[in-house]
Every structure is written in structure tokens, then in C-alpha cells.
Amino acid sequence: MGITIDDMSVFCKRKGFVYPNSEVYGGMSGFFDYGPLGVELKNSIKAEWWKTHVTQRDDIVGIDGSIITNPKVWVASGHVESFTDVMLKCSKCGNSVRADHLVEEKLKIHAEGLSPQKLHELIEKNKIKCEKCKSEFDKPKNFNMMFSTTVGPSSDEKSVSYLRPETAQLMFANFKLVQENARMKLPFGIAQVGKAFRNEISPRDFLFRCREFEQMEIEYFVNPEKGEDCPYVEEFSAYELNVLSEPMQEKKEKPKKMAVNEIIAKKIMLPWHAYWLAFEQKWFEGLGADKEKFRVRQHMKDERSHYATDTWDLEYSFPFGWKELQGISNRGDFDLKQHIKVSGKDLSYYDEGSKKKVIPNVVAEPSLGVERSFLVFMFNAYEDDKKRGNIVLKLHPKLAPVKVAVFPLLSNKDELVKKAREVYDSLKKCYQCAYDTSGSIGRRYARNDEIGTLLGCTIDFDSLKDESVTLRDRDSTKQIRVKIEDLKCVVGKLIKGEKFESLGKLI
Ligand SMILES: [Zn+2]
């Protein structure tokens, strides 16, 4: 049995990963602050994402758009009109809840994306009442989830704008500039990592549903006439996904493991969709997440967003159930067409092959929350090691917030302290390191196991003679002896994934 989401939030606070926002003032629901370790982990997640999705690819370039934009962007995208959740308000005590979540909880069905009418029917039919006072709810209402603000000194209606509810739109609005500047040819993508804001009616499950969050997102554009050609899908043909399609959900079937080539041959999804789902799952796997805890689920017709023709969610089995990590939508040409219409500007693409102007299709939109990834990696890493008598946070070497903790064996021996300081000062130029002198070595190991520190590096009396240190591996507790001059190189190799035992003599 693993830990619950509430246990995880307590652990994260205790160890300095994540705090409730402005806790000294009682906090604020749906907002969180990252502590010294949390910010390191979060930065590593974003850096790893950028590396695999942008730096290492020829077909994707990045932007960093502004959080507040011309409000016409949100008119064009449809957010002003329809970026809504359905809210239920208790007629007696005023308690407000998200209708779809309440229906999901009570009826154990998927309800996200259902219309107010449909939700109302379900609530009436099943006699769902306010959980606080058992009274009836008023009729469900649409509630726009964008945070609005005013820009400039006057606060009239004309100065209203919004904090962006997604990072996607500026990748459309800047499509033409980016394509021309970076001389991109279809198919290609634009990537962005940044904050987004949604005024959730009832934020919950710790970092899972926040009001301020961060997205790592790609809009991937293809020529509408070549929408099915995915030149990269071959590399994943044997890669397995745990598939739960719309028909399978209708028939109440269990998810089924299928290789990407089988998924495509059976026309369960288009090649681009299968490719991106596999690519995204593999990204998690490459950073240590357990493949068995993932599945891909197709949206039912009535839960799809207003723009999407097909959507598949990459889901993860959290302690509070299967939940969406990212939705990969086929948005077609909806967004570019809308921006062309509302701005009056030409955002089309000139295809040199066919000598024709086309409006590219967004065939996939891998959009991943940093916070949700953070939770996946934390749940995946958390292990209560009964034998050791402490938690071991087995984060992937690339994600570990501290790579090496340096300890002088005894903190009251000047010569050991001096040497340990030297080693620490040199290592910290390359890696996140910690220097720890308090308590027994065993206590220092345990403290570092709990925060996921990859390696313990102890300077003992032999170190003064042989210029070597003892390195201890967090996951196995095995130890090797390494020359101080080789230390940087050895740590680098471990982070890249080389086996601990292969890098020195076991002691
Ligand atoms: Zn009530």
C-alpha cells in the first residue's frame, strides 16, 4: 500500500518540497509555494522536458509568451464564450461545487465536459443533494474559469484582460512569425513552458488541481493534406500502450496492452496520436516512472473540448484513482482559422511542394502539467524502507534535487572538515550538492535518503592519505571508493545512467 495524496502533501511540506501558499496567513486554496527542494525538482522536470521536446529535435522550436495578452486572443479562441465549468450552488448554505466532479464521485461515471442540462438531469434523477446540509442545489450555472484583471490606470470594461488559462494560444497567434523566423517546414511544432491560471471552483488533491499551475505544451502542425503521415512513428512501432478506447469504455471493458503498430493497423487512433502518446509515456519512463501505472484513454464524445475532433488522455494511476496527466487533442485548424478570422491577418502556410497556401492542422497538442508530473515522480519515488527505518525517495538521478551530500566522517576533526569542504566546494560548481556535518553518519544518510539525495560522499582519515572518498548509493546502499580527482566524472556518469558498481571498487 502506498501513501495517500494527503500524506504526500504532509511529506512535501515537512521536507521542503511544497508548502501551502502564504501559510502564515492561513494559505489560499489552489495555490502552492515550492520550497528549496521542490524548486530544484520542478526546474529539473522542466529542463528534461525541454531537452527531449525541443533541444534534441529538429522539428520543434520554443517560444515564451506573455501571461497577459490582448483579450481578443481569448475571444478568438472561444475562452471568453465557453471556457466554463458547471457550478452547483446549494440553495440553503451556499456551498459551491463543480457539478461534474460531484456527479463523478456519486455515480462513478466520467462526467467532465458534460453540458449543464445533462448534469442537471443526472443530479435530479439520482437525487444528489448538498453534502454539507443535505439541501437541494439551485439549477447548475456556467462559470467562466478565466481570472480577469484590468490593465492600465483606468479600470473600465475596455481595460479588462485575462491571465492566460493555457499556454497554447500564443503559439497560434505567433504561428506565422515563428514559422518564418525559424524557417520551419511542415510538419513542425512550437513548444512553450509557462504559468497558466484557472479559477477552479473546488481545487483539490494537493497539486493535482491548482488555480495557478505550469504547463509544458506543444502545438504540432501538419499539412492538412498529409495529416496521416507521421515520419517518426516507426521508432515506436513495438512500443506498448495500455489502451482504453471509446468503444471499450462503452462495453465496460478493461484496458488492453497493444503495440503502436497494432493500434494504427486497427485504426484505433491516427499515427500522430499514437506517436505522441508513446513519446510522452516514454518520457516519463525514461525518468524512472513505472510504465505499468499508465494508460491511454479516449475521450467519450460528450467530454471532448469545443475544438477537438479526437482526444486521448495519458492517464496515471494515482492513489486517488486514474487521472489525466495530459490530454492529446486533435484540434484540426480551429485555432488558426479563428485567429485569421478575428485578427484579419493571413496566418496561412505556403507549401512549396504543391505551390498552395494551406492552413495547417494541429494534429496533436501534447500538453502536460508540471505539477502533475511532479506528483507522478514523487509517488513513484516514495518508498518506506522498513529495513532501513526511513523513507527512501528514489528519484531518477536526473531529477534528484541534491546529487551529492558531502560529509566529513567526524565534524570535530579540523583536517577532515577542511578536506570535506574542499571536495564540496569543487563539486558544487558542477552539481547540486549539500554539505552536512550534524549527527552520526547513519543519521546523515537517512536524512538524505528521505529527500532523494543520489550519493553520500564521506571523507574519512584514509582520504587524507589516499586522496579518495567513499561514495554511497542511495538505492542500494552499496559503497565504492573513488579518487577525489575522478569524482566529478563519476557523478556525471551516474547521472547519465551508468551502473554504480561499474564505477569503482565495491567496499
Ligand atoms: Zn448546503
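A few comments on the model shown:
- Annotation for the range 323-344 versus the range 264-281: alpha-carbon center distance of 19 Å.
- The range 364-375 - phi-based ³J(HN,Hα) in whole Hz, Karplus 6.51/-1.76/1.60, Gly and Pro as x: 7, 9, x, 9, 10, x, 4, 5, 5, 5, 3, 5
- In degrees, nearest ten, helix 414-427 long axis to first principal axis of the chain (Cα): 30
- Mean projected area (nm²) of the alpha-carbon convex hull when the range 402-506 is viewed from all directions: 5.8
- In degrees, nearest ten, helix 487-496 long axis to first principal axis of the chain (Cα): 30
- With the alpha-carbon atoms of the range 84-144 aligned to their principal axes, the span from lowest to highest coordinate is 26, 25, 15 Å, starting with the largest.
- Cα centroid separation - the range 69-124 against the range 389-431, whole Å: 50
- The mean of 1/r over all distinct Cα pairs in the range 1-128, once inverted, gives the Kirkwood hydrodynamic radius of 19.3 Å.
- Cα-derived Rg to Rh of the chain, Kirkwood definition: 1.01
- Relative contact order (%) - the range 402-506, alpha-carbon pairs under 8 angstrom, separation at least six: 26
- Here, P(r) means the percent of Cα pairs in each 10 Å bin from 0 to the largest distance; for the range 173-317 it is 9, 31, 38, 19, 2.
- Residue pairs exceeding 22 angstrom between C-alpha atoms, taken from Lys46/Lys403; Lys413/Lys488; Lys429/Lys496; Lys176/Lys357; Lys141/Lys337; Lys72/Lys158: Lys413/Lys488; Lys141/Lys337.
- Along the range 386-399 the Karplus relation, 6.51 cos²θ - 1.76 cosθ + 1.60 evaluated at θ = phi - 60°, assigns HN-Hα couplings of 5, 5, 6, x, 8, 6, 10, 9, 8, 5, 4, x, 5, 9 Hz to successive residues, with x for each Gly and Pro.
- Cα gyration tensor shape for the range 319-473, rounded if a/c is under 1.5, else prolate or oblate: prolate
- Over the C-alpha atoms of the range 185-266, the Rg to Rh ratio, Rh being the Kirkwood estimate, stands at 1.08.
- The eigenvalues of the Cα gyration tensor, multiplied by 5 and square-rooted, give the range 137-233 an equivalent ellipsoid with semi-axes of 33, 20, 14 Å from largest to smallest.
- Folded to 0 to 90 degrees: helix 5-14 orientation relative to the chain principal axis, Cα: 50
- Chymotrypsin sites (Phe, Trp or Tyr not before Pro) restricted to DSSP loop in the range 288-387 with at most 14 other C-beta within 10 Å: Phe320
- Segment Glu234-Glu324, length gained on full extension (0.36 nm per residue, minus Cα span): 29.8 nm
Quick note: the coordinates plus some simple rules give every number you see, no bench work behind them. Please read these numbers as outputs of a predicted model, since none were measured by experiment. All Cβ positions, glycine included, derive from the backbone under ideal geometry; neighbour counts span all protein chains shown.
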